[in-house]
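A quick write-up on the structure given underneath.
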Amino acid sequence: MRLATLRTGTGTAAVLVEDAALVEIEGAADLGALLAEPDWRDRAAAARGTRHPLDSISDEQWAPVVPRPGKIVCVGLNYRSHIAEMGRDLPAHPTLFSKYPEALVGPYDPIRVPAHAGDAVDWEAELAIIIGSRVRDADRDAAATAIAGYSVLNDVTMRDYQNRTLQWLQGKTFDETAPFGPVLVTPDEFTPGPRIRCAVNGETVQDAATDDLVFDPAELVSYISAIVTLQPGDVIASGTPGGVGHARTPARYLTAGDRVETSVDGIGMLRNRVDVRER
């Protein structure tokens, strides 16, 4: 099953994504609101609301798949290829930091980089894990059961700000910089393993298998749930593979007008233009 959040003339709506149409799920203002309902799977499968032909939907109508998660927990240094390019040892525990909902944009929206963010704006393609039920102190089996599905996120990073201190938060959560979507794919239709890619202006800069993880999705949910209760609609960004601009010699960064495509086979693609905005 594939689910998304559609921007409508009066707000947003959670939708079931079919081959040729988006079908509104009645009574669900967005996917986060739907996931908060214990019977969300049944409600989605039985969607009978307004139908929107896919070929009638503009890029601007696709919202972040979960527009306002209660929590976005990001994982650093989780792909073996990225750990190697950064010259680090494999971690014993997940490296965690936060991102806030204001950072999210839709799958085809511009990445709006403020001019004061510096000249070291980097890409980070990530597989996103979306929580479908409340989970606390979960073992691996319970953690896996709590996963509603998977999506695509680009953790666009302001390296200038990130490296001002030992704490990463300030470089990771600038408003309107993190594309997220286009859909949630449930675990019966997606298992980590397919390729994750990022391309800048048509050149592939990241390409890896989504199971090249030190800590897999169930391990991440279990570990994080021992620290903080995860709620329906919360998001875990599971880390980025090798190929980031900051690790290149010379380093390479995003600039105004660049086109960024971020994809996971079996889920979909984000397509975003980099815009630079003044204060």
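The values are calculated or read from the model by the stated rules, or taken from the named source; none is laboratory data. On a predicted model such as this, the values are computed, not experimentally measured, just so you know. When we count neighbours, we look across all protein chains shown, and the Cβ atoms used for this are built from the backbone with ideal geometry, even at glycine.
Quick notes on this one:
- Residue among 257, 239 that is under 21 Å from residue 272 (Cβ atoms) and without any contact (Cβ under 8 Å) to a residue 40 or more places away in the chain: 257
- Close Cβ contacts (under 9 Å, 6 or more residues apart or on different chains) running from residues in the stretch 94-105 that are closer than 11 Å to residue 76 by Cβ and of a type in the set (Phe, Trp, Tyr) to residues that are modelled with pLDDT of 95 or more and surrounded by 21 or more Cβ atoms within 10 Å (Cβ to Cβ) comprise 97/73; 97/74; 97/75; 97/172; 97/173.
- Tallying residues that are in contact (Cβ under 8 Å) with a residue 60 or more places away in the chain and in a loop (DSSP other than H, G, I, E, B) within the stretch 180-207 yields 6.
- Subset of the stretch 228-279 (residues that are of a type outside the set (Ser, Thr, Tyr), closer than 30 Å to residue 40 by Cβ and in contact with a helix residue (DSSP H, G or I) (Cβ under 6 Å, 6 or more places away or on another chain)): 232, 233, 236
- Among the residues of the stretch 250-279, those that are modelled with pLDDT of 95 or more and part of a loop (DSSP other than H, G, I, E, B) comprise 250, 251, 252, 253, 255, 256, 257, 258, 265, 266, 267.
- Qualifying residue in the stretch 189-207 (condition: surrounded by fewer than 19 Cβ atoms within 10 Å (Cβ to Cβ), of a type in the set (Val, Ile, Thr) and out of contact with any Cys (no Cβ under 6 Å at 6 or more places or on another chain)): yes
- Residue 75 vs. criteria surrounded by 13 or more Cβ atoms within 10 Å (Cβ to Cβ), touching a residue at least 40 places away in the same chain (Cβ under 8 Å) and either within 23 Å of the chain's Cα centre (by Cα) or not in a strand (DSSP E or B) (or both): yes
- For the condition surrounded by 13 or more Cβ atoms within 10 Å (Cβ to Cβ), charged (D, E, K, R), more than 16 Å from residue 157 (Cβ to Cβ) and within 21 Å of the chain's Cα centre (by Cα), residue 112 does not qualify.
- Scan of the stretch 216-233 for residues that are part of a loop (DSSP other than H, G, I, E, B) and surrounded by fewer than 20 Cβ atoms within 10 Å (Cβ to Cβ), ordered by number: 216, 226, 227, 228, 229, 231
- Failed criterion for residue 145 (all others in (1) among the β-branched types (Val, Ile, Thr); (2) over 19 Å from residue 275 (Cβ atoms); (3) surrounded by 16 or more Cβ atoms within 10 Å (Cβ to Cβ) hold): (3)
- Candidates are the residues of the stretch 10-24 that are surrounded by fewer than 16 Cβ atoms within 10 Å (Cβ to Cβ) and out of contact with any Leu (no Cβ under 7 Å at 6 or more places or on another chain); the one that is farthest from residue 42 (Cα to Cα) is 10.
- Of all the residues in the stretch 37-55, those that are in a loop (DSSP other than H, G, I, E, B), buried (at least 17 other Cβ atoms within 10 Å of the Cβ) and touching a helix residue (DSSP H, G or I) at 6+ places or on another chain (Cβ under 9 Å) number 0.
- Residues being part of a strand (DSSP E or B) and under 21 Å from residue 254 (Cα atoms) - total across the stretch 92-124: 9
- Residue-level analysis places residue 117 among those that are at pLDDT below 95 and crowded, with 16+ Cβ neighbours inside 10 Å.
- Residue within the stretch 7-16 that is over 30 Å from residue 95 (Cα atoms) and assigned to a loop (DSSP other than H, G, I, E, B) present: yes
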